[in-house]
Structure formats: C-alpha cells, structure tokens
Amino acid sequence: MVMSENVDLPPAADATEALAEVEEQMMELAAHVRGAIREAATSIDPALQPFGLKILRMLRRCGPTHASALAESMDVDRSVISRQARLLEELGLLELAADPADGRARFLAATPLAIEKMSAAPGGDKSFIHARLAGWPEADLHEFAQLLKRLNSST
C-alpha cells in the first residue's frame, strides 16, 4: 500500500471555508472600490458617472486616445465610450481632437479642467487601493501583486 505524500492538505471542508472567506473579502473590497469611485466621481461633478471617471483616469494616464482603443482596453463596446464621451464633453471634462494621420478619426483627451478636478477629488490622484496599501511593507506589496497576478491569470 502506497501512502499519499499530501498529508499536509487541509480537509475539504476547511478549504471550502477558506475559499468562502476569500470570496467574502474580495466582494467587500469590490464594494469599497465602487464606493470610492462613486464618491470621487460625484466630487468632480454630480452628473459624472463612475465609468466616466474611469475613462478620464485612463486618458490622464495614457494621454489622448482613440475611442476604439479605449473601448478595447476597457473591454466595452465602442457605443459605451461614445455615450460617456458626449456626457464628459458636455461637462467640460473631455475634448475631441482630430487625428492628424486620419481626419475621420478623433482622439479623446481629458481637459485641463478634468485634470484639475481629479487632482482635487478625495484622495487626489491616489486610488482607493493605493491609499489602503501605501503603508504596507514593500515585500508584502510584491507578494500581494504576485498573488493577484496568479488569480488574474487563472482561467
């Protein structure tokens, strides 16, 4: 009779309980992030939707971008970007510029007003996650990043 080398594995019930705990903590984190995004969007403009703020943050980080590239990187339909772009433009937070390489295409860009308002929002340029993790030791941050990478690459 061959004995299993896996004597250190927890019983199935313990693993199920641990997975439920991880799932609960992930849902709580997601709720905190959604709330922080909602609060930041509202502080910029009461009419600004959280997804509009995500667009502005991406434009601030990446610079002027085609709507199609933005849609692809945010994994949404281009029509979603178009609707949000119209609202952002009405709020004075986004401007459209012609692409010099293709006059039919337009670049979306955050306006100076948008950049100013994002900087003045609660937490400034720091995201909820950044604010929560800023005091963590560097080694913990690297380990956490690796665990998240492992989670995100699991399919």
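What follows draws every value from the coordinates through simple rules; no lab data is involved. Not measured: the values here are computed from a predicted model. Cβ sites come from the backbone with ideal geometry, for glycine too, and all protein chains shown count toward neighbours.
Any number yet on Rg/Rh for segment 11-85, C-alpha, Kirkwood?
In segment 11-85, Rg relative to Rh is 1.18.
Considering only Leu133, Gln25, Leu108, whose Cα is most displaced toward the positive end of the charge dipole of the chain, charges sitting on Cβ of Lys, Arg (+1) and Asp, Glu (-1)?
Farthest towards the positive pole: Leu108.
How big is the charge dipole of segment 32-124 about its Cα centre, in debye rounded to the nearest 20, if each Lys and Arg gets +1 on its Cβ and each Asp and Glu gets -1 on its Cβ?
180 debye
Between segment 56-121 and segment 26-51, how many Å separate their Cα centres?
19 Å
Name the residue farthest towards the positive end of the dipole of the chain from the options Ala41, Gly92, Ala69, assuming +1 on Cβ of Lys and Arg, -1 on Cβ of Asp and Glu, about the Cα centre.
Toward the positive end, the furthest listed residue is Gly92.
Stokes-Einstein D for segment 32-124 at 20 °C, 1.002 mPa s, Kirkwood Rh over Cα pairs, in µm²/s?
Roughly 162 µm²/s, to the nearest whole number.
Return the long-range amide H neighbours of Phe107 (sequence gap of 5 or more, or a different chain), with a cut-off of under 5 Å between placed amide H atoms.
Amide H to amide H, under 5 Å and 5 or more residues apart or across chains, Phe107 pairs with Ala97, Ala98, Asp99.
What dipole magnitude, in Debye to the nearest 20, does the chain give about its Cα centre under +1 on Lys/Arg Cβ and -1 on Asp/Glu Cβ?
Computed charge dipole of the chain: roughly 900 debye.
Among Leu147, Leu87, rank each residue by its count of other Cβ atoms within 10 Å, from fewest to most, as a rough exposure measure.
Leu147, Leu87
What residue among Ile37, Ile129, Ile55 shows peak mean-square fluctuation when the chain is described by a Gaussian network model with Cα springs under 10 Å?
Comparing Ile37, Ile129, Ile55 in a Gaussian network model of the chain, the most mobile one is Ile129.
May I ask for the percentage of alpha-carbon pairs in the chain that lie more than 19 Å from each other?
Above the 19 Å cut-off, the chain has 66 percent of its Cα pairs.
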